[in-house]
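Each value in this text was obtained by applying a stated rule to the coordinates, not by laboratory testing. The model shown is predicted, which means the values in this text are computed figures rather than measured ones. Ideal geometry is used to build each Cβ from the backbone, glycine not excepted, and the neighbour counts take in all protein chains shown.
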Amino acid sequence: MTLQEVRYQCRNNSNNISNNTQTSHNNQSPNRSTVGSKNNQRHHHCSNRNHRNTPTAKKVLRMAQAENESLSLKLYLQQRSWLPRPECPTEQQRKVAMKCLEMVLCQWASSLQSIRPTGQNKWQRPRVTLVSFGSYRLQAYRPDSDLDLLAVCPDSCSRGDFFSSLPLLLKSTAGIEDIHPIPMAYTPVIKMTVNGISVDLLFGKVADQSRLLEFQQRSLSPLLKSVVDANSTLQYMIEDFDLVGTDESGMRSLNGARVTQFILDFVPNLHNFRVVLCAVKEWATLHGIYSNSLGFLGGINFAILTAWICKKYPKRPPASLLMLFFRTFATWDWPDPVALREIQEEPPVGVAKMPAWNPGNNPRDARHIMPIITPVYPSMNASYNVGLPQQRRIQEEFIRAVFRMGRREENWRSVLDSTDFFERHANYLQITIRAGNSEDFMKWLQLCESRLRILIAAIDSGPEVSAWPFAQFMKRDFVPEGISDSSSEASVECAKEAVFFIGLRFAPGVESLNLKQYSSEFLYSHINSWEGRKPGMDFLMAHVLQQDLPFDLIEQYLKLEESLDTVRLTHDAGKEFRLDRSDIEVSSNAVESVDSGDASLVASSDHEGALYPTKRRRSNTLECEAADE
């Protein structure tokens, strides 16, 4: 609908309302009492009600503008590859990668069945089937996003085989590299790269093998390489009775796919949900609050929050839903939980009893500060990693997004603009993670990333300083000391580093701060104690003033003026703090350097030093009801 058509319709609606009102007045007798008969009164009230329900010119125009802005938002996300298109090369590449991996898994399962024969014909026994979940299944992913897969295996395969013999076969397969089995993780996983795509592969079994076989008989066998269909989207649906006989690790592996399936069935409009979810995830990434491992919110958390909004406002277009998303969760009364349905504590028939999220009975659950509850049994808090510093950052960004958008859908562009995080603080803690080659760098970075939450919590534990982490690792190559640019180009190309920043705000009246009290125990207990650490794996911390931040790393996050030659920050971020020692360096060859000297910040009062108070109140889960406002 064009704007001219909208204005024409608005004029017609206004004329009809005026004509109806005039006719109603003309039909009234001048000698009749104002009270009139009951029938006339009832007709008069119904007429007024119809007038109120008739869209006004302003409302119709606003609805048309919201639709236009929603279309602009969708096109913007697609142009920046934030919203996948069905015909895009990345989509086809992922489907081919899934087929390739499924063939390898079937070969692995066949080798185990030959060792442990079941007496069945190979066409009468189930094979391994891949089920996608997460961002790819929801169709809300970027080209560089991970591909989350669940391998539903037959009875002849065990979790021990999955993490022992399968990695050997994967390493001998062309196109599959960077294989890292993690069997002791909370949810055991094999990380790998398949045809250039990062894959997280989980192991799972289902109770009803006959149902799995029936599903596979309706699809082509991946062992027949000549008939691989890269466009196939049929996937096995995991039901409640598939959990029978499953342990806790297996149930956590299956529940990733079950949560995704539930969300896809729960939202009233999948298209609107996907557009809003992609916009929310990119907003969170740009503003440094998207990372489950660092104690922020991850993809499943934002998917549940977005599904809640889409269900509550089923008739709103994406641009309006995005505005309502920020307005709702900027004022959410945490720790009240966000749940798509009632807490699932009772198991389905035949399924073992598992602990579900229950803050009334479990003190550990009662300490969760930002609970977002999964909608399948057993209900769990998907955001249990969130700490107080991360919650402050998330709420701060929610509030800033509300002020940027206001009540106008067209302001979504300002929300997806660059962040001003590096303009808000005068002081930062810069953490640098280094390794001599790509393989060591990946292992070292994963280890440090998984433990940085401990350091952030330690810095924020005292009343003198509050930590404001930015959930982005900015990666680059670096030249090790003692190596010139021309002497060893190969070494220079292999050396990698990632930089992570934490904003520091100090309480009023704080004049000095000793960083050693926060760093020493973390370094010795959680970094240097890792058995897999090799020479060249370094972890360095340094205090950096705002004007000394590495511009080449943070350039993409800054709001620049018209000319790059005259870059200027938009506002004063408070008084500067000085550090007696510029670096606190910890490396495999110089661990003892932490003990030397006095690492302290000499500080004066910061106008942003006041800490945000956190209420501790628990109420019943707010259930989602379909409504439109």
Report task. Quick one: which residues, 5 or more positions from Val206 or on another chain, have an amide H under 5 Å from its amide H? H modelled 1.01 Å from N in the peptide plane, none for Pro or chain starts. Result -> Cys153
Query - Efficiency of FRET between Arg341 and Ile399 - r from beta-carbon atoms, R0 25 angstrom, step 0.05 - result: 0.30
Query raised in the report: Any idea what Rg and Dmax come out to for segment 133-222 if you just take the C-alpha atoms, in Å?
Result: 14.2, 37
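Listed highest first by mean packing, meaning other Cβ atoms within 10 Å per residue, what order do 330-337, 146-153 come in? It would help to have the intermediate numbers written out before the result.
Numbers: 330-337: 16.1, 146-153: 24.1.
In decreasing order of mean packing, 330-337, 146-153 become 146-153, 330-337.
If the chain between Val349 and Thr331 were fully stretched, how many nm would it gain, using 0.36 nm times the residue separation less the Cα-Cα distance? Mind dumping the intermediate values first?
Values: separation 18, 0.36 × 18 = 6.48 nm, distance 3.91 nm.
So the chain would gain 2.6 nm between Val349 and Thr331.
May I ask you to compute the full-extension gain from Gln78 to Ala366, defined as 0.36 nm times their residue separation minus their alpha-carbon distance, rounded to one decimal in nm? It would help to have the intermediate numbers written out before the result.
Numbers: separation 288, 0.36 × 288 = 103.68 nm, distance 4.08 nm.
Gain on stretching Gln78 to Ala366: 99.6 nm.
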Report summary line: Label model pair Asn528, Arg413: point-to-point distance (7 angstrom along the Cα→beta-carbon line) in nm is 5.3 nm
Query - Largest-first ellipsoid semi-axes for segment 308-392, taking √(5λ) over the Cα gyration tensor eigenvalues, angstrom - result: 27, 19, 8
Query raised in the report: Once both labels are modelled 7 Å past Cα along the beta-carbon direction, what's the Ser520-Ser165 spacing in nm?
Result: 5.2 nm
Requested in this report: Could you list which residues have their amide H under 5 Å from that of Tyr313, counting only those 5 or more apart in sequence or on another chain, with H placed in the peptide plane?
Outcome: Ala627
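Show me the three semi-axes of the equivalent ellipsoid for segment 423-466, from the C-alpha gyration tensor (sqrt of 5 times each eigenvalue), largest first, rounded to whole Å.
Numbers: eigenvalues 142, 38, 8 Å².
Over the Cα atoms of segment 423-466, the semi-axes work out to 27, 14, 6 Å.
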Requested in this report: Past 28 Å, Cα to Cα, is the threshold; run Lys191/Lys353; Lys95/Lys496; Lys443/Lys516; Lys281/Lys353; Lys281/Lys312; Lys74/Lys312 against it and keep the listed order.
Outcome: Lys191/Lys353; Lys95/Lys496; Lys281/Lys353
**Report entry** Nitroxide proxy distance, nm - points 7 Å out along Cα→Cβ at His180 and Asp477
**Finding:** 2.2 nm
Report summary line: Binned at 10 Å from zero, the C-alpha pair distances of segment 505-561 give percents of 15, 31, 32, 20, 2
Query raised in the report: Hey, what does the equivalent ellipsoid look like for segment 365-405, semi-axes from the Cα gyration tensor as sqrt of 5 times each eigenvalue, largest first, whole Å?
Result: 25, 13, 6
**Report entry** Under Karplus coefficients 6.51, -1.76 and 1.60, residue-wise ³J(HN,Hα) of segment 498-510 in Hz, glycine/proline x
**Finding:** 10, 10, 10, 10, 10, x, 10, 10, 10, 5, x, x, 6
